[in-house]
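Notes for the one structure printed next.
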């Protein structure tokens, strides 16, 4: 697929410097290695983890550090790709891809059991600080670099990038409802909360022929719903001033 692409010197990005502290920066674009990919970001989803990252909860728990480019649900178009990445990932320039946040090592005790989300050597997009490598590891930027072992899914033709950002909550819904719960026809699934992941669980249950009961608001949502809405408004307001990418809440 032919794409209109001219290499830039740098990429604008949202950088988190600390709890509730974001600023726009320009980060230099690196030379792409043999096993790497350069994406031009078209949309990035926003999820509950972004709230905990913004307010510093993840950093306090040891899951994130600063400075960092957030955004762990990116969808972007391949504009440069190394020869080894082309062979292993089977990607090519011009393709739109949805990128999973965890890059597994495939050799630790968890990876060999198929539990890649618990990889002991995992690399996480959106949470890895800029002190590592080129620093362009998050989707809240114009461009993002993909490392070897990245799991990227080609978005079908005709599916807009904004809609493709739902790959993450939809994947979670099917993972939680079908794979982990081992549900089968005849079972009844109770879903607490009607957010994007709760609704994804409902879709998964329906597709598997499983009955479901949906609790529209859990007790946690009832006590913190106003805070969540305030968070989303303030976060999207800050990010919308940059506008190098699309946001889907």
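Numerical summary
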quantity	calculated
Single condition residue 34 does not satisfy, out of (1) without any contact (Cβ under 8 Å) to a residue 60 or more places away in the chain; (2) surrounded by 13 or more Cβ atoms within 10 Å (Cβ to Cβ); (3) in contact with a helix residue (DSSP H, G or I) (Cβ under 6 Å, 6 or more places away or on another chain); (4) closer than 19 Å to residue 134 by Cα	(2)
Where residue 110 falls short, out of the listed (1) more than 28 Å from residue 39 (Cα to Cα); (2) surrounded by 15 or more Cβ atoms within 10 Å (Cβ to Cβ); (3) at pLDDT below 90	(3)
Single condition residue 127 does not satisfy, out of (1) under 14 Å from the mean Cα position of the chain (by Cα); (2) surrounded by fewer than 17 Cβ atoms within 10 Å (Cβ to Cβ)	(2)
Condition met for residue 194 (outside the structural domain of residue 115 (by TED's automatic domain parsing), at pLDDT below 80 and under 15 Å from residue 48 (Cβ atoms))	yes
Residues of the stretch 62-84 that turn out to be surrounded by 24 or more Cβ atoms within 10 Å (Cβ to Cβ) and more than 19 Å from residue 46 (Cβ to Cβ), as a count	1
Which numbered condition residue 151 fails, given (1) surrounded by fewer than 22 Cβ atoms within 10 Å (Cβ to Cβ); (2) in contact with a helix residue (DSSP H, G or I) (Cβ under 7 Å, 6 or more places away or on another chain)	(2)
Flag if residue 186 is surrounded by fewer than 19 Cβ atoms within 10 Å (Cβ to Cβ), on the phi > 0 side of the Ramachandran plot and not assigned by TED's automatic domain parsing to the domain that holds residue 37	yes
Check on residue 119, modelled with pLDDT under 95, touching a strand residue (DSSP E or B) at 6+ places or on another chain (Cβ under 9 Å) and farther than 25 Å from residue 165 by Cβ	no
Matching option when the condition is closer than 23 Å to residue 8 by Cβ and under 12 Å from the mean Cα position of the chain (by Cα), among 133, 138	138
Qualifying residue in the stretch 155-170 (condition: under 16 Å from residue 209 (Cβ atoms), within 21 Å of the chain's Cα centre (by Cα) and at pLDDT 85 or above)	no
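Each row is one residue, and each column tells you yes or no for (1) at pLDDT below 95; (2) over 23 Å from residue 167 (Cα atoms).
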site	(1), (2)
3	yes, yes
17	no, yes
48	yes, no
60	yes, yes
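The values are calculated or read from the model by the stated rules, or taken from the named source; none is laboratory data. Just so we're clear, the structure is a prediction, and the values are computed from it rather than from any experiment. Please note: Cβ atoms are built from the backbone with ideal geometry, for glycine as well, and neighbour counts cover all protein chains shown.
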